[in-house]
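What follows is one structure encoded as structure tokens, with my remarks underneath.
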Amino acid sequence: MINVSETAASKISELLVEEQKAGGGLRVFVQGGGCSGFQYGLMIEENGQGSGDQVFESHGIKLFVDPISIQYLKNAEVDFVDTITGGGFTIKNPNAKSTCGCGSSFSTE
């Protein structure tokens, strides 16, 4: 299961309307790279579920996760933080054993 915070759900809803993809959702994935081994990816997806995807719904937002990424994202939460230097999405991942200094990549055991 993957969740979305209320703040992130509100922001994702805004993006879906802005991009005229009101029936879509958010694809959450993990890919190799970054200074710690893996990095997160997020993208608005209009057409939804791909082959083998798991679909979760949290605060009215659909989340699409491929079978490989789900093993790294179990019980993770997508959040949105707004700071004086700007805002952005973050992923709170209980499976990450370490992260890099900028927080955009992680490693597991």
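Read-outs throughout are calculated quantities, based only on the coordinates presented, and are distinct from any laboratory measurement. Predicted model only: the values in this text are computed from it and were never measured. FYI the Cβ positions are ideal-geometry reconstructions off the backbone, even for glycines, and counts take in every protein chain you see.
What residue among Ser13, Ser51, Ser69 has the largest mean-square fluctuation in a Gaussian network model of the chain, using Cα springs under 10 Å? Ranking Ser13, Ser51, Ser69 by mean-square fluctuation puts Ser51 first.
Among the GluC sites (Glu not before Pro) within the range 1-91, which fall in a DSSP loop and have no more than 14 other Cβ atoms within 10 Å of their own Cβ?
On the way: sites: Glu6, Glu14, Glu18, Glu19, Glu45, Glu46, Glu57, Glu77; in loops: Glu19, Glu46.
Within the range 1-91, the qualifying GluC sites (Glu not before Pro) (loop, at most 14 other Cβ atoms within 10 Å) are Glu19, Glu46.
Just checking the listed ones, Val17, Val30, Val65: in the Gaussian network model of the chain with Cα springs under 10 Å, the one fluctuating most is Val17. Once the Cα-Cα distance is subtracted from the 0.36 nm per residue extended length, the Ala22 to Glu46 segment shows a gain of 7.9 nm. Largest GNM mean-square fluctuation among Asp53, Asp82, Asp66, using the chain with Cα springs under 10 Å: Asp82.
Please get the size of the charge dipole for the chain, origin at its Cα centre, with Cβ charges of +1 on Lys and Arg and -1 on Asp and Glu, quoted in debye to the nearest 20. Intermediate results must be reported in sequence, preceding the final value.
On the way: 7 positive and 13 negative charges, 60 e Å.
About 280 debye.
Each principal axis of the Cα cloud of the chain was taken in turn, and the coordinate range along them, longest first, works out to 39, 37, 20 Å. Between rounded, prolate and oblate, where does the range 37-89 land on the alpha carbon gyration tensor, with a ≥ b ≥ c its root eigenvalues, rounded for a/c under 1.5, else prolate if a/b exceeds b/c? It comes out prolate by the Cα gyration axes.
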